[in-house]
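K.L.:
This is the structure I have questions about; it appears just below.
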Ligand code: DMJ
């Protein structure tokens, strides 16, 4: 490639200068930066040529090739730019007509202190406002030195983890081969590797698919779920960026939310997914940016600024639309909602029944927004669902996975803690914790369910004796299926959270409420955690399959049976423990799911056993080794995680950014980052505060009396 930079340096000459002063490894890394930088300068030259205006490059733009800038161009490229002002909205229409006029306006806007879209105003690209007010001729004169400075700083890595992700082949990191032990590991260093993975993923998305709801990292394309986009990836990823202190990316996301996100779309959406991801994401961003300003450089509540209370306003608008799902004859929400029509819609299959987990995994979000807005109906509608579900009087707290919104009865007898059942159980204990343990009904329900899990679903594998939670597809009177969705791996962490209330195990043991039951629950959590980790160890890539089967006795061993699994997973491919696990060919995909690292995070925080961090690090390295996409695509889910090289699915799930990477980050963080006894984390890893119910809210229902199995006494 015979690319020349504007200063007359041949690319190879530039590299040879560098080679005299840097190590070969550094040069290799820098080579990509040189290419990106030259590309950036080429683009800036092109822009200058197009505009025939040598002063058209604003001096505080680090790179014209960077995705943030491309995003700005897209925003400014609109003929009418809508900006929010306080509680109202205003429209700035371009002053110049035609295509060139549009470009002219964009350029002028770059120099206009009054424009509301300077996304690079924040750190690390901050410049005093006075610079922007200088006459244009002064900036024109500074253009070349500034570009030169940027070029040099880029070489020196001064922009740190900025927006320019190197674009070449699949990244290979030297640290992947490191072999520090737990005692010598630098966890803050490891946490930085997670931030890098996040920025690679986000930057790829921003570069190729900004504003799209889906991202296909291999083909480098986006796809919309709704005509204008739902902010699916942006809103889901937002609070992770806030936690990671990725200031400029937060600004980019916030800007998109402010100017491009509207829920007023004639679109049917999943009540559950939209609540946990979008409503949850906005509420968490609101919470983090207001409660932890040191983590969130952009306060949500910035009086008088455009988009004041932006996240909360968007959340309220969305909640007003989603709450229509609860307007069913029973109060159990419909599976879908049409956002523009404020209208709930039954599911297309399963006789119109909703998934049980989906109807009972909305409560944290609606209760929190009720608390924030004082709108009691959000609370009441979400809570009513719990009463209707409980009034079915299921045996031992185990609910079938479908429920009719029409009359609130269950459909079928399929019982499992995997898909469609999982987060019913999760939100029982989290509702209890969210309101500072002021609603004991949810603890009672959780305890009953966990007893039911032990009695009907827990068994042990052969020959090694791992603990599993199986399924009862035909009800409790019929056979146990020794199958675990990866989704079930939220359970070890949630059991530990319930047993300790979010305190460390050592602290919790000192509480007067600590009993043998808590002790036994922690033991169950430890055993299940090991089983879930085994799902990773069993696979060729070190990444778990979507579904794992187990070898069990016939009839299955009861929960009380002795069992003694090996403490470690022998790496020998013929090791005995491998006989306990099995994965069917059609289940080998890995969707970048979070549940196991989520549980590792809880187990580390609660037990303090460093092995959980070590397992997390090993898992993280497997993701880096096998899911990285060439040419700056970020990371992809896999269609077969039991094959090397692993074929990719060409999809990045939004929960990769919202959950999986966030839990890795938290696992390697100090314990005071989101302290577990102060927050509840929703099922999509969005963090909310715990709070007192106060005068306005109360548990508006009581359980009907029932016998020892949970059956309602007539
Ligand atoms: C997420 O959307 C949530 O964690 C949900 O509860 C289950 N499925 C995905 C992640 O696997």
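The values are calculated or read from the model by the stated rules, or taken from the named source; none is laboratory data. Worth saying up front: this structure is predicted, and the values here are computed from it rather than measured. Backbone-built Cβ (ideal geometry, glycine too); neighbour counts: all protein chains shown.
K.L.:
Out of all the residues in the range 216-231, which are in contact (Cβ under 8 Å) with a residue 24 or more places away in the chain, surrounded by fewer than 24 Cβ atoms within 10 Å (Cβ to Cβ) and in contact with a strand residue (DSSP E or B) (Cβ under 9 Å, 6 or more places away or on another chain)?
P.N.:
Matches in the range 216-231: 216, 218, 220, 225, 226, 229.
K.L.:
Report, by residue number, each residue of the range 345-355 that is away from the ligand (no atom under 16 Å from the Cβ) and within 26 Å of the chain's Cα centre (by Cα).
P.N.:
347
K.L.:
Still on this structure, please answer the following. Would you say residue 440 is free of Cβ contacts under 8 Å to residues at least 24 places away in the same chain, surrounded by fewer than 17 Cβ atoms within 10 Å (Cβ to Cβ), farther than 16 Å from residue 394 by Cα and more than 29 Å from the chain's Cα centre (by Cα)?
P.N.:
In short, yes.
K.L.:
Considering each of 658, 646 in turn, give the residue that is within 30 Å of residue 541 (Cα to Cα), touching a residue at least 24 places away in the same chain (Cβ under 8 Å) and within 16 Å of the ligand (Cβ to nearest atom).
P.N.:
That would be 658, the only listed residue that is within 30 Å of residue 541 (Cα to Cα), touching a residue at least 24 places away in the same chain (Cβ under 8 Å) and within 16 Å of the ligand (Cβ to nearest atom).
K.L.:
While we're looking at this one, here's another question. Looking at 358, 383, 365, which is the one that is touching a helix residue (DSSP H, G or I) at 6+ places or on another chain (Cβ under 8 Å), within 16 Å of the ligand (Cβ to nearest atom), farther than 25 Å from residue 414 by Cβ and in contact (Cβ under 8 Å) with a residue 40 or more places away in the chain?
P.N.:
365
K.L.:
I would also like to ask the following. Looking only at the range 285-292, decide whether some residue is within 16 Å of the ligand (Cβ to nearest atom) and at pLDDT 95 or above.
P.N.:
No: the range 285-292 contains no residue that is within 16 Å of the ligand (Cβ to nearest atom) and at pLDDT 95 or above.
K.L.:
Would you please name the residue that is farthest from the ligand (Cβ to nearest atom), looking only at residues in the range 565-591 that are touching a strand residue (DSSP E or B) at 6+ places or on another chain (Cβ under 7 Å) and assigned to a loop (DSSP other than H, G, I, E, B)?
P.N.:
584
K.L.:
Among the residues of the range 604-619, is there at least one that is farther than 24 Å from residue 681 by Cβ, out of contact with any strand residue (DSSP E or B) (no Cβ under 6 Å at 6 or more places or on another chain) and surrounded by 22 or more Cβ atoms within 10 Å (Cβ to Cβ)?
P.N.:
No: the range 604-619 contains no residue that is farther than 24 Å from residue 681 by Cβ, out of contact with any strand residue (DSSP E or B) (no Cβ under 6 Å at 6 or more places or on another chain) and surrounded by 22 or more Cβ atoms within 10 Å (Cβ to Cβ).
K.L.:
So, one more: With out of contact with any strand residue (DSSP E or B) (no Cβ under 8 Å at 6 or more places or on another chain), touching a residue at least 24 places away in the same chain (Cβ under 8 Å) and within 16 Å of the ligand (Cβ to nearest atom) as the only criterion, which of 666, 638 stands out?
P.N.:
After ruling out the rest, the residue left standing is 666.
K.L.:
While we're looking at this one, here's another question. Kindly indicate whether residue 460 is in contact with a strand residue (DSSP E or B) (Cβ under 7 Å, 6 or more places away or on another chain) and in contact (Cβ under 8 Å) with a residue 40 or more places away in the chain. Can you show your working first?
P.N.:
Details: in contact with a strand residue (DSSP E or B) (Cβ under 7 Å, 6 or more places away or on another chain): yes; in contact (Cβ under 8 Å) with a residue 40 or more places away in the chain: yes.
Here the answer is yes, as residue 460 does meet what is asked.
K.L.:
Next question, about the same structure. If you take the residues of the range 592-624 that are touching a residue at least 24 places away in the same chain (Cβ under 8 Å) and not in a helix (DSSP H, G or I), which of them is nearest to the ligand (Cβ to nearest atom)?
P.N.:
Only one residue fits best here, namely 593.
K.L.:
Restrict the check to the range 400-417 and report whether at least one residue is farther than 14 Å from residue 333 by Cα, touching a residue at least 60 places away in the same chain (Cβ under 8 Å) and within 16 Å of the ligand (Cβ to nearest atom).
P.N.:
Yes, because at least one residue in the range 400-417 is farther than 14 Å from residue 333 by Cα, touching a residue at least 60 places away in the same chain (Cβ under 8 Å) and within 16 Å of the ligand (Cβ to nearest atom).
K.L.:
Please find, among 697, 688, the residue that is within 16 Å of the ligand (Cβ to nearest atom) and either in a loop (DSSP other than H, G, I, E, B) or closer than 30 Å to residue 375 by Cα (or both).
P.N.:
The match here is 688.
K.L.:
Hey, can you tell me all the residues within the range 468-500 that are surrounded by fewer than 21 Cβ atoms within 10 Å (Cβ to Cβ) and either in a strand (DSSP E or B) or touching a helix residue (DSSP H, G or I) at 6+ places or on another chain (Cβ under 6 Å) (or both)?
P.N.:
Passing the criteria: 472, 476, 481, 483.
Each row is one residue, and each column tells you yes or no for (1) farther than 26 Å from residue 387 by Cα; (2) under 25 Å from the mean Cα position of the chain (by Cα).
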{"position": "445", "(1), (2)": "no, no"}
{"position": "464", "(1), (2)": "yes, no"}
{"position": "474", "(1), (2)": "no, no"}
{"position": "490", "(1), (2)": "no, yes"}
{"position": "506", "(1), (2)": "yes, no"}
{"position": "511", "(1), (2)": "yes, no"}
{"position": "522", "(1), (2)": "yes, no"}
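K.L.:
What pairs come up if the first residue lies in the range 475-501 and is farther than 30 Å from residue 676 by Cα, the second is more than 16 Å from the ligand (Cβ to nearest atom) and in a helix (DSSP H, G or I), and their beta carbons are under 8 Å apart, counting only those six or more places apart or on different chains?
P.N.:
476/395; 476/396; 476/456; 480/456; 480/457
K.L.:
Follow-up question, since we're still on this one. Of all residues in the range 406-415, how many are in contact with a helix residue (DSSP H, G or I) (Cβ under 8 Å, 6 or more places away or on another chain) and closer than 17 Å to residue 456 by Cα?
P.N.:
Within the range 406-415, residues that are in contact with a helix residue (DSSP H, G or I) (Cβ under 8 Å, 6 or more places away or on another chain) and closer than 17 Å to residue 456 by Cα number 1.
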